Amino acid sequence: MATKALAFTLSLNDCFGSKSPHTASKVSVFSVRCSTGNGERPWKNSDARLVLEDGSIWKAKSFGASGTQVGEVVFNTSLTGYQEILTDPSYAGQFVLMTNPHIGNTGINFDDEESTQCFLSGLVIRSLSIRYLFSTSNWRCEKDLGDYLTERNVMGIYDVDTRAITRRLREDGSLIGVLSTDNSKTDEELLQMSKSWDIVGIDLISGVSCKSPHEWIDRTREEWEFSSSEGPRDTFHVVAYDFGIKHNILRRLASYGCKITVVPSTWPASETLKLNPDGVLFSNGPGDPSAVPYAVETVKNIIGKVPVFGICMGHQLLGQALGGTTYKMKFGHHGGNHPVRNLRTGRVEISSQNHNYAVDPATLPKGVEVTHINLNDSSCAGLAFPARKVVSLQYHPEASPGPHDSDNAFKEFVELMKQGKSKTSNENLHQPQSV
Ligand SMILES: NC(=O)CC[C@H](N)C(=O)O
């Protein structure tokens, strides 16, 4: 309760200022909620530091968990959907800084989770919303953002100049940072921690993948369904590799009529092929695609045998499996407003993105087509290798959060499986029948 009350006070000061005519009535609401009786000041002072590897130190106020945490700082330009971002396993090892200054206003609900945990290192925001305390901002709200982060042991900071940090990241590239509420640690100690940690070359998918195979059946709920193409259930069997899979990828596949078996990142290709799937999906996931050669090997052993679809990390692994290389981008793409051109249709899609690595198209062999480009920097945003029924996207057709412009990609994967299925049944028809 004390944490909530303090956050509330801060935002009142921010919103109304000490000379505001609203101050008197608002402060009286506050004093009812916050009277601790122990003489504490009714606002929170800076109690956290974010120390970046370039030596800059950013004072802030903490919410959620406390402690000391290291990670790579990335900025996300989504205007909505912070809960989906918090639960996207692809952020493991990273602090997400939201460029939208106002966060927390829709609270937290039980339906918008993209995985069962928050794997990110922490959340960095400008202003922590007071709206949930008034319970008027979102009918779906079930919990306060601060309480949620505390329960999940995730650190958050607010009242920090997120614009200045974003400009620094844009100019200098992604930076490692250490976030700490521990006063016993000196700035120098935190700086050394940030300098001695790295995210490149580390396998982060094994820490977020499921431990054993399981079925997935949930579709997009009827009231949220936006596509008219929802078909009968279980038409195609898809094996989905969980490198940190977002639930909405699974919901969209189920909505398109797929029966889904989710398998761990280390699941052997031979076991997948024994399941006789109509298609295989390689999911999104955190970290450096070059740090997981075992996953590239799995992809290599599957492509050409059944239609495959790669999303984000899955796309990068496919790029490597086809003989290409991946590279680390300056600060990556994170947000729900990235324009992508679909080179096959000429259509521009506004897409949801979250990645720091990309496939270098110059390294891909003949026959592999670049099907999509990111219009902000012309980087490769999609690939196809028609001869081997491979399609992949560097971004997120499942959105969550973000626009639905690219949902058709799931339909295209289903079409590939349809073609594969009719080919197999035709081949079976022409097989000599043993008596
Ligand atoms: N969303 C993802 O799958 C992220 C892919 C990869 N970890 C990257 O940062 O580029």
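Here are a few things to note about the model shown:
- Which numbered condition LEU179 fails, given (1) assigned to a helix (DSSP H, G or I); (2) closer than 30 Å to ILE130 by Cβ: (1)
- ARG170 vs. criteria in contact with a strand residue (DSSP E or B) (Cβ under 9 Å, 6 or more places away or on another chain), among the basic types (Lys, Arg) and part of a helix (DSSP H, G or I): yes
- Scope region 380-399; condition within 16 Å of the ligand (Cβ to nearest atom) and either without any contact (Cβ under 8 Å) to a residue 12 or more places away in the chain or over 12 Å from LEU318 (Cα atoms) (or both); matching residues: CYS380, ALA381, TYR395, HIS396, PRO397, GLU398, ALA399
- Single residue of region 269-291 satisfying the filter (out of contact with any strand residue (DSSP E or B) (no Cβ under 7 Å at 6 or more places or on another chain) and charged (D, E, K, R)) that is nearest to the ligand (Cβ to nearest atom): GLU271
- Region 292-318, subset touching a Gly at 6+ places or on another chain (Cβ under 6 Å) and under 18 Å from ILE245 (Cα atoms), residue nearest to the ligand (Cβ to nearest atom): MET313
- Against the test of being modelled with pLDDT under 95 and within 21 Å of VAL280 (Cβ to Cβ), the options ASP242, ASP203, ASP234 yield a single qualifying residue, ASP234.
- Residue match in region 183-200 (condition: surrounded by 14 or more Cβ atoms within 10 Å (Cβ to Cβ), in contact with a helix residue (DSSP H, G or I) (Cβ under 7 Å, 6 or more places away or on another chain) and either not in a helix (DSSP H, G or I) or not polar (S, T, N, Q) (or both)): no
- Total residues in region 176-210, condition under 14 Å from GLY93 (Cβ atoms), in contact (Cβ under 8 Å) with a residue 24 or more places away in the chain and within 16 Å of the ligand (Cβ to nearest atom): 11
- Taking region 261-300 as the range and being closer than 19 Å to PRO213 by Cα and polar (S, T, N, Q) as the test, the residues that pass are THR261, SER265, THR266, SER270, THR272, ASN276, SER283, ASN284, THR298.
- Total residues in region 357-376, condition of a type in the set (D, E, K, R) and either out of contact with any helix residue (DSSP H, G or I) (no Cβ under 9 Å at 6 or more places or on another chain) or part of a loop (DSSP other than H, G, I, E, B) (or both): 1
- Candidates in region 242-268 are the residues that are touching a strand residue (DSSP E or B) at 6+ places or on another chain (Cβ under 9 Å) and within 20 Å of LYS421 (Cα to Cα); of these, the one that is nearest to the ligand (Cβ to nearest atom) is LEU253.
The values are calculated or read from the model by the stated rules, or taken from the named source; none is laboratory data. If you're wondering where the values come from, they're calculated on a predicted model, not measured in any experiment. Because the Cβ atoms are built from the backbone with ideal geometry, glycine has one as well, and the counts that use them run over all protein chains shown.
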